[in-house]
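Everything below concerns the one structure shown next.
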Amino acid sequence: MKKLIVGNWKMNGSLDANAALVTALQQDASAWHCDVAVCAPSVYLSQLKSLLQGSRMTLGAQDVSAQESGAYTGEVSAAMLKEFGVRYVLVGHSERRQYHQESDATVAVKAQRALAAGITPIVCVGETLAQREAGQTEEVVKRQLAAVVHTNGHCISEIVLAYEPVWAIGTGKTATPEEAQQVHQVLRAQLQAASQHADRVHILYGGSMNAGNAASLLVQADIDGGLIGGAALQASAFLSIIAAAH
Ligand code: 13P
């Protein structure tokens, strides 16, 4: 399957910086062998929608409300994201789970809202360092995915899944390709048990992926792309990762 490389800009950027970054990325786009998306802060979606017009890069958001509409101050609905040309939305990123107390059940409903609006949720799962050291990695990621399977049923084959070990995010510590592949294999098997179309689900790896380690991760059998934080903010680093994805 064609690989998918997604940049998660997190709470970074400005009107000027976004325009410069997108312009630098576009110059190289005709050589890409993979699909590419960037997940921008919601206030910049309008800017990105225009910047990406006619581009091979698609637009993503970083979160979506679990509610459909109404009195939920500060929230952004899936229907609103759709109006701004959003193709993907991250749900259950560990920073949302950690700082905003998002439960597995909330993440599952967010995925459902996205799917209902015609947006592909990129469902993030991953264990903390303490959980890894306690030998709980598989149990944790399976529990996180099970909630999404339970709520979304056969639509599960329409999601993108991202394995992001929390201890590898922003730390410069990456899971080894073998460690990552082992978890991806477990997640693939869980998807296969839930849907006969599981083989078409992209399972991305995220956590300190960079120009130096991308190729060795992306060559693994069940690693279908990357979810990139820090390195997605520098055109040269992000382009090197894109070049490694074929
Ligand atoms: P880093 O690439 O900065 O480790 O971030 C990974 C991540 O959280 C992407 O969603």
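Structure above, values below:
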read-out: Inter-residue pairs, beta-carbon under 8 Å, first under 18 Å from G206 (Cβ atoms) and open to solvent by less than 60 Å² (accessible area, probe 1.4 Å) and in the stretch 93-107, second at pLDDT below 95 and assigned to a loop (DSSP other than H, G, I, E, B), 6+ apart; value: S94/I169; E95/I169
read-out: Test: residue in the stretch 60-74 that is under 21 Å from S14 (Cα atoms), modelled with pLDDT of 95 or more and more than 19 Å from the chain's Cα centre (by Cα); value: yes
read-out: Checking G172 against (1) open to solvent by 10 Å² or more (accessible area, probe 1.4 Å); (2) touching a Lys or Arg at 6+ places or on another chain (Cβ under 9 Å); (3) within 15 Å of the ligand (Cβ to nearest atom), the condition it does not meet; value: (2)
read-out: Per-region count, the stretch 128-143, residues open to solvent by less than 30 Å² (accessible area, probe 1.4 Å) and in contact (Cβ under 8 Å) with a residue 40 or more places away in the chain; value: 2
read-out: Any chance A244 is touching a residue at least 40 places away in the same chain (Cβ under 8 Å) and within 16 Å of the ligand (Cβ to nearest atom); value: no
read-out: Residue list for the stretch 192-217, restricted to those being small (G, A, S) and either within 12 Å of the ligand (Cβ to nearest atom) or open to solvent by 30 Å² or more (accessible area, probe 1.4 Å) (or both); value: A193, A194, G206, G207, S208, A211, G212, A214, A215, S216
read-out: Output for the stretch 128-167, where each listed residue is of a type in the set (S, T, Y) and away from the ligand (no atom under 16 Å from the Cβ); value: T137, T151, S157
read-out: Failed item in (1) within 18 Å of the chain's Cα centre (by Cα); (2) on the phi < 0 side of the Ramachandran plot; (3) surrounded by fewer than 20 Cβ atoms within 10 Å (Cβ to Cβ), with Y163 passing the rest; value: (3)
read-out: Candidate set: the stretch 85-127, residues that are assigned to a helix (DSSP H, G or I) and within 12 Å of the ligand (Cβ to nearest atom); chosen: the one farthest from the chain's Cα centre (by Cα); value: Q98
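The values are calculated or read from the model by the stated rules, or taken from the named source; none is laboratory data. In this text, all values refer to a predicted model and were calculated from it rather than measured experimentally. Please note: Cβ atoms are built from the backbone with ideal geometry, for glycine as well, and neighbour counts cover all protein chains shown. Accessible surface is based on the protein model in full, side chains and every heavy atom, while ligands, DNA and RNA are left aside. Shrake-Rupley method; radii C 1.70, N 1.55, O 1.52, S 1.80 Å.
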